[in-house]
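The block underneath contains the structure these notes are about, expressed in C-alpha cells.
The values are calculated or read from the model by the stated rules, or taken from the named source; none is laboratory data. Here the structure is a predicted model, which is why all the values come from computation and not from measurement. When we count neighbours, we look across all protein chains shown, and the Cβ atoms used for this are built from the backbone with ideal geometry, even at glycine. Accessible surface areas use protein heavy atoms only, side chains included; no ligands, DNA or RNA. Shrake-Rupley method; radii C 1.70, N 1.55, O 1.52, S 1.80 Å.
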Amino acid sequence: MIEKINQLKSRIAALTASSAEEVEQLRVQYLSKKGEISLLFNDFRSVPAESKREVGQLLNELKTLATERIASLRQSLLDKEEADFETSLDLTRTATPLPQGTRHPLSLVKAEMLDIFARMGFTIADGPEVEDDWHVFSSLNFADDHPARDMQDTFFISRNPADVLLRTHTSSVQTRTMETAKPPIRIVCPGRVYRNEAISARAHCFFHQIEGLYIDKNVSFADLRQVLLTFARQMFGAETRIRLRPSYFPFTEPSAEMDISCNLCGGKGCGFCKHTGWVEILGCGMVDPNVLEACGIDSGTYTGYAFGMGIERITNLKYRVKDLRMFSENDVRFLDEFVAAK
Ligand code: PHE
C-alpha cells in the first residue's frame, strides 16, 4: 500500500495538462469518488491496525498533493490564457472607430480654385464681412442712387451716423488692399458675401465669392483673358472654351461677363445650358481709373483688371448641386456624398 502511495505521489508530481479539459480529466482520474485516490481510501479499511496511523497520514498527504497539483495546473493554464490575450491586443488601436467628417463641397472647390490662382502668382487677401459704405460702394464708383445701395438689395446694420453693412461682394477687400499696398498688386479675395434676396433653390441671402485683382504697369485686357482661360481650363478641363460678352459694372471699364462652354454637353447644347452650349461663370473688366484714384493709385501710371465669381456656381458646375439651400442646411446625407473627394 505504501509503495502504491509513493508511486502515485511521483506520478502526480509530474502531471501536466495543456487544456482545461485535460485538467478536468485528471481530477476525475485521481480525486472523484471512483478516482484512484478514493479507491485507496477504500482499501484503507484492510490496513493492519499498527500501520493505520502511518498509512493514513501518507494517504492524506497524497490527497492534498493531488488537490494542489491539479489546482496549480488549472491556474497556470488561466495565467497563460491571460498572457496570450494581452500580447494579442493592439493597444494602439482606437477603441471604437471615430466617425470621420468630410470637407464641405464649397471648401473643396474654394481650395481648388485658390490653388489654380496661387500657381499663377496670386496671393490671398482677407477682409471683414461687416463693412462700411466706402469700401463696398463709394470707392468702387457706385453712383449715389445705385440700386445696390437700397435696403432691398443690401443688409444694413446701421445707417447713421455712418453706413454699416454686410458686404455684398468681396471687391471691398480689393479696395482695402489698394489703399494700403503699392502696385504691383496680384490678389484673390475669397469670402462670404450677403445680399437681401428671398431664399429659394436658385438664390440665397449669403453666398461665397472669389474675386481677383491685378494692378501693374501695362496690364491689358488680353492679360485678363489669358488668366481666365487658364483658370477655366484647369478647373473644367483642357478642352474648355471661353467667351467674353460686354457687360457693365460701376468699377470696371470696359466690363464683361464670361461664359464657359457647357461642361455637361461639351458645348453642343443641353438642358443644363438651356441649349446654348454656354454657361456664365463670372464678371470681369479693367479697373475703372476712378477706382484707382479713389484708392490712391495713379491711374496715369497703372492699369489693372478685376474679376469676380461665385463659388456656389462653380461648385454647381462641378458637382451638379440643384438646390443652393443644400450648401447651408448641414444635412449629413448631402455632405457624406463628398467623402471620396476628401
Ligand atoms: N463684384 C462683382 C459682383 O459681385 C463681380 C466683379 C468683380 C465684376 C470684379 C467685375 C470685376 O458681382
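Under 9 Å from the Cβ of ARG245, count the other residues' Cβ atoms, weight Lys and Arg +1, Asp and Glu -1, and hand me the total.
Working: positive: ARG243; negative: GLU257, ASP259, GLU280.
For residues surrounding ARG245, the net value is -2.
Taking the C-alpha atoms only, the angle from helix 49-88 to the longest principal axis of the chain is near 10 degrees.
Ligands, DNA and RNA excluded, the heavy atoms of MET286 present near 20 Å² of accessible surface to a 1.4 Å solvent probe. Across the options SER76, PHE44, GLY269, the greatest Cα extent toward the positive end of the charge dipole of the chain (unit charges at beta carbon of Lys, Arg, Asp, Glu) belongs to PHE44. Take each peptide in 88-97, 19-28, count the other Cβ atoms within 10 Å of every residue, and average; sorted highest first, the result is 19-28, 88-97. No disulfide-compatible partner, judged by a Cβ distance under 4.7 Å, exists for the following cysteines of the chain: CYS189, CYS205, CYS284, CYS295.
Here region 99-116 is scanned for amide nitrogen atoms under 19 Å from the site 7 Å beyond the Cα of SER328 along Cα-to-Cβ, giving 104-110. Here the Karplus curve 6.51 cos²θ - 1.76 cosθ + 1.60, taken at θ = phi - 60°, turns the phi angles of region 292-302 into couplings of 4, 5, 4, 9, x, 10, 5, 6, x, 9, 10 Hz, with x standing for Gly and Pro.
What relative contact order, as a whole-number percentage, does the chain give when Cα pairs under 8 Å and 6 or more residues apart are counted? Over the chain, the number comes to 15 percent.
Per-residue SASA remark: LYS52, around 70 Å² accessible (1.4 Å probe; ligands, DNA and RNA not included). First check a/c for region 172-230, with a ≥ b ≥ c the square roots of the eigenvalues of its C-alpha gyration tensor; if it is under 1.5, answer rounded, and if not, answer prolate when a/b is larger than b/c or oblate otherwise. The shape class here is oblate. Sort the chain into rounded, prolate or oblate with this rule: let a ≥ b ≥ c be the square roots of the eigenvalues of the Cα gyration tensor; rounded if a/c is under 1.5, and if a/c is not under 1.5, prolate when a/b is larger than b/c, oblate otherwise. Cα axes put the chain in the prolate bin. Using Cα atoms only, what is the angle between the long axis of helix 171-180 and the major principal axis of the chain, expressed in degrees (0 to 90) to the nearest 10? With rounding to tens, the tilt is 80 degrees.
In the frame of its principal axes, region 38-164 has Cα extents of 131, 40, 19 Å, reported largest first.
Any idea what angle helix 20-31 forms with the longest principal axis of the chain, computed on alpha-carbon atoms, 0 to 90 degrees, nearest 10? Rounded to the nearest ten degrees, it is 20. A Stokes-Einstein calculation at 37 °C with viscosity 0.692 mPa s, built on the Kirkwood radius of region 157-285 over Cα pairs, returns a diffusion coefficient of 195 µm²/s.
Counting only helical runs of four or more DSSP H residues, what would the 222 nm mean residue ellipticity of the chain come to if each run contributes -39,500 (n - 2.57) and the total is spread over all its residues? Spell out each step's value before the answer.
On the way: 11 runs with 136 residues, N = 342.
The helix-only estimate for the chain comes to -12500 deg cm²/dmol at 222 nm.
Across region 247-331 the C-alpha pair distances fall into 5 Å bins from zero in the proportions 3, 13, 17, 15, 14, 12, 10, 8, 6, 1, 0 percent.
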